[in-house]
Structures are given as structure tokens and as C-alpha cells.
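**Q** Below is one structure. I have some questions about it.
The values are calculated or read from the model by the stated rules, or taken from the named source; none is laboratory data. Not measured: the values here are computed from a predicted model. When we count neighbours, we look across all protein chains shown, and the Cβ atoms used for this are built from the backbone with ideal geometry, even at glycine. Ligands, DNA and RNA are excluded from the accessible area calculation, which covers all protein heavy atoms including side chains. Shrake-Rupley method; radii C 1.70, N 1.55, O 1.52, S 1.80 Å.
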Amino acid sequence: MHNSLLRQLFTLLLLAVLPTLTLQGQTLEADAAGTPALLRSNAYTADMEAYQVQLADLESRYGPYHRSLLEPLQGMTALAKDVADLELVAELQNRQLQVMRTVFGFRNPELEPLIRDIITNAIARAQWSEVADHLEHLRYLATDDSTDLDTRLRLVEQQADWELMRVFLEDADQRARNFMRARSFTDELLSMAEEHYGESAPELIPWLYKSALTNYRLVEMLNADTGISSDIVDRLVQEDGTTRLISNSAGVISPEALFGSNSFVPIVDEGELVGEAYLRDGMRAVERIGGIAESQGNLEAQAMALIYEGDFQRILGNGLAFRKYRDARDLLLEAGVPEARVEAYFNVPMLIPAQRLHLTLEEALADRETQHNLVGEAAAGKLTLGPLLAWDEGVPNVPRPVSADATFALDLPHDQVDLTLSISQSGRISSVEVQAAEPPERRVERKAWRAVRDIKVRPALVAGKAQRSRDVHIQFLSLPE
């Protein structure tokens, strides 16, 4: 009698919270197997009801945290996934996690698959802070001595990557906080690797380049025209002090006496970037990569590091960049790389800095081809820089950071604008023209035009000499306002 009443109540509950699966769904089309929607609805209700009865029975016998509850909870979760009821999936997954923590303990690695499923569902539900919390939980599982360093590094890297994504996913007033958290995780990655491997080990190379890119992004934020720069300055001063935000020949104007605040305004020399010291840190990290490659006798990797070092020199506006490029070209030839392949790489202008580290020329060429192929017919017959997926509205000229974790590959709508431009021998951008925009709105075109004027580019180099490039295509993608 009790079970019969429970079944009736549960059926009524399902009909209330899942209206798309009730009798009104009779007009829906059949699925790929030809099963009418009404039958699918009835089957779902019956299966879910059966699991609920089983769950209630097990709870009454063994209590709310017994391992026997996991089977019906997993079955219910699978059903909820089938009908894309993400909120119900989240409730059931959290219930499973409670039971598993009780059964296996809070630090048992058997929790990891479930937590990763929870992360995937949280991303689908756009619950960005939940993702960060569960990534921290995964890291907590790996704090014991039995976890190898590579696993721990990967977990911290995921945290850093996710905080970089939160910069554009969350409200503007959270951007600085999220970036500084990503910076902290990146610093931790390098410290962990240095402590374990030493300061000259090849295992440091990916973390050194990640650190270099973080410093580049920091300086771009510091020099943005939007409010993000003041937010970053305030947080940076709290962590690092003011010394590295000003030029040696400049002072600092503190408006505290005028406005009663603790903020300050960095003063730099004309033509200098705010926070150049951080960009130089990034360049030194790339220099370390070259030093490690040299110590290993790897000429090709040493040459690629010289190219990336030149890119940082180029961003700093230093003419030494072109000497670095020529030296890299000579090293590649000395390493036995065919001259035709070397010229194929240098003869085309490129967005800098490279978002992915490559220690062989062929890997770099393959990556560039993959990126260029993404723009499709829009670049037909044109030299192209490929796509530029804008990171954030505060720094739209900065490419969105790349994560190696497929979990973070979000399927978001984007505005798309195809433009052409000219690139001078020194890498300056001019003659920017919009070719097509989707949606075809003036505000979308203006945003792309303004962003593309400020991109950083390595100009085409032919036999080591910089060349002007005209009518160069770029595809600009950004989140809708």
C-alpha cells in the first residue's frame, strides 16, 4: 500500500516538473528509432518511478548513505541526461557524491569520474563558480604522496585555464579577480616544476611558456582603455607593490590626498607600456627555454625559442626582434631544416605571441595551417592571419587563451567579422577594412575594426628581411554584447 501511494505521488511530481514529457507531448515527432514521444514519455516516467521506489526501499533498510543507493541514483542520472534535464542531473549527481564520500572517504580517487561528470554538467548549466569549486575538489583528491607530479601539475593547469576562461564568462567586475587567480595558479605551476625537476630541466619548458603568456596578458590588461586596467592595477599593487608598474625615470602620482583613496596612477615614459617589467619577465622565461634547448644540444628547439623571444621583443617595440628572427632562421638551417620549409614559415605574417608552444618548425607549420583552415572560404585567394577569437571585451585584440582540456571547449555563439588590412615592414597595422559581418550590424563591425587595429603581428620575412603585406585577411570572432 505504501509503495503504491509512493508511486502515485512520484508520478504526479514528474508530471509537474517535466511538462515537456507529459501527455501534451503527443504532437511531438518520433525519435530516430520511430518511437512516438508519448511512449518515450511513459517509458521515462515508469523507469524513473521504479528507480525512485527502489531508492526509497533501500534508504528505509540501510539509511541515506549506504553504497546500495548508488545503483538507482546512477540509473536516475542516466535517465535525466537522456531528456537533458540538467538541473535534475545536478541534484542526482550531488546526492551520489554525498553517498560516495561517506562510503569511500573524502579523498578517495574513485570520486574523480563523478566529479568530472559534475563539472561537465555545471559547464552546460553555465554555473562557472561551481566548476572552480569542483576543480579545487579534484586537486584535493591528489594531495597525498601517492599522486605523481604530472597529475598534480595537470590539475593546477586546469585551474589556471578555467580562471582565464572566467575572465570573459563572468561579469566585468570579476575579470581582474579571475585573472589574478589564474596568474597565481600559473606561478604555482612553475614553482612546483622547478622544485621537483630543478631550474634547467626540459620538463620546465611548457610551464615557462605558460608563464610568459600570462605576463603578456597581464600587460595587455594594464594598458587597456577600459576599466579593467584600473582593477588590475589595484590588485597588482596589493600583491607586488608599485615598483614594477613605473618607469625608472618616472614617478607615481597618488590621488589619495585629492580623492581619499588608496589607488595610484603609474607614470611611464612616452611610448612605454605600463608594466613593461612584467613583459620582460615573460621574455626572460622564453630565454630560459632557449637556454634549456641549447644545453640539450637541440638546435631546432633553440631556434623556435629565439622566434618566440623575438615576438616578445616585437611586442615591446624593440628593433632587436628582427635580429632574433634572423638568428633563428640561421639556426634552423644549421639544424638541417629544409630552406623551403623555413621560408614557408617566415614568408607569412603571423599573430603574436604564439598561443601554443612548438619546439619543431613542422609542428608550428601544421598548427598554423589548422588555424588558417578554420576561416574557410572567407579567405579564399587571400593571405590570411587566420581567426582571432577575442578573449574579452576589455582586451578584444588579445586572442582567447587556449586550453588543452576538451572539457573547457565551450560551444558559445559568436559575432563574426571578416576584415582585410595591411602590415608594414615593422609590423604596424593600417588600412583596416570590413569585408563582411554576421550579424551585419554597424556596432559589430566597429568593435572588430577597433580591435584589429591593435593586434600584434610578426611581419612577413623573406630571406631574413621584413616585407610589407597588403590585403591580408583576418577573421575576428567575439561574444555578442
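**Q** At 0.36 nm per residue, minus the direct Cα-Cα distance, what do R61 and M192 gain on full extension? Give it in nm, one decimal, please.
**A** Values: separation 131, 0.36 × 131 = 47.16 nm, distance 4.80 nm.
Gain in length upon complete extension: 42.4 nm.
**Q** Another question, if that's okay. Calculate, for the chain, the solvent-accessible area per residue in square angstrom, rolling a 1.4 angstrom probe over the heavy atoms of the protein chains.
**A** Heavy-atom accessible area per residue stands at 49 Å².
**Q** If I compute solvent accessible area with a 1.4 Å probe over the protein chains, what percent of it on the chain is carbon and sulfur?
**A** 49 percent
**Q** Mind checking the angle between helix 70-82 and the chain's longest principal axis? C-alpha axes, 0 to 90 degrees, to the nearest 10.
**A** 70 degrees
**Q** With labels modelled as points extended 7 Å from the Cα through the Cβ direction, what inter-label distance (nm, one decimal) is found for R468 paired with R107?
**A** 6.5 nm
**Q** Using 7 Å Cα-to-Cβ label points, what is the V402/R244 separation (nm, one decimal)?
**A** Those two pseudo-labels are separated by 2.6 nm.
**Q** Order E157, E110, E441 by their accessible area, 1.4 angstrom probe, all chains in place, largest first.
**A** From most accessible down to least: E110, E441, E157.
**Q** Taking every pair of alpha-carbon atoms in the chain, give the share separated by more than 29 Å as a whole percent.
**A** On the way: 69634 of 115440 pairs.
Tail of the P(r) past 29 Å holds 60 percent of the pairs.
**Q** To the nearest 500 deg cm²/dmol, what mean residue ellipticity at 222 nm is calculated for the chain from DSSP H runs of n ≥ 4 alone, each contributing -39,500 (n - 2.57), summed and divided by the residues?
**A** -18000 deg cm²/dmol
**Q** Express the Stokes-Einstein translational diffusion coefficient of the stretch 272-401 in µm² s⁻¹, to the nearest whole number, given a Kirkwood radius over alpha-carbon pairs, 25 °C and a viscosity of 0.890 mPa s.
**A** Here the translational diffusion coefficient equals 156 µm²/s.
**Q** Still on this model: With a point put 7 Å past each Cα toward its Cβ, work out how far Q98 is from R341 in nm, to one decimal.
**A** Those two pseudo-labels are separated by 5.9 nm.
**Q** Just how much of D281 is accessible, in Å², when a 1.4 Å probe is used and the result is rounded to the nearest 10?
**A** 40 Å²
**Q** Can I ask one more? Under the classification rounded if a/c is under 1.5, otherwise prolate if a/b is larger than b/c and oblate if not, where does the stretch 44-163 fall, given a ≥ b ≥ c as square roots of the Cα gyration tensor eigenvalues?
**A** Taking the square roots of the gyration eigenvalues as a ≥ b ≥ c, the stretch 44-163 is oblate.
**Q** All other residues with a Cβ under 12 Å from the Cβ of P353 taken together, and with Lys, Arg as +1 and Asp, Glu as -1, what is their net charge?
**A** After counting each charged neighbour, the total is +3.
**Q** In terms of the Cα gyration tensor, with a ≥ b ≥ c the square roots of its eigenvalues, is the stretch 347-481 rounded because a/c is under 1.5, prolate because a/b exceeds b/c, or oblate?
**A** Oblate is the answer for the stretch 347-481, as a/c is 1.5 or above yet b/c matches or exceeds a/b.
**Q** Helix 112-124: angle to the longest alpha-carbon principal axis of the chain, degrees 0 to 90, nearest 10?
**A** Value to nearest ten degrees: 80.
**Q** Cα axis of helix 361-373 to longest principal axis of the chain: angle in degrees, 0 to 90, nearest 10?
**A** 60 degrees
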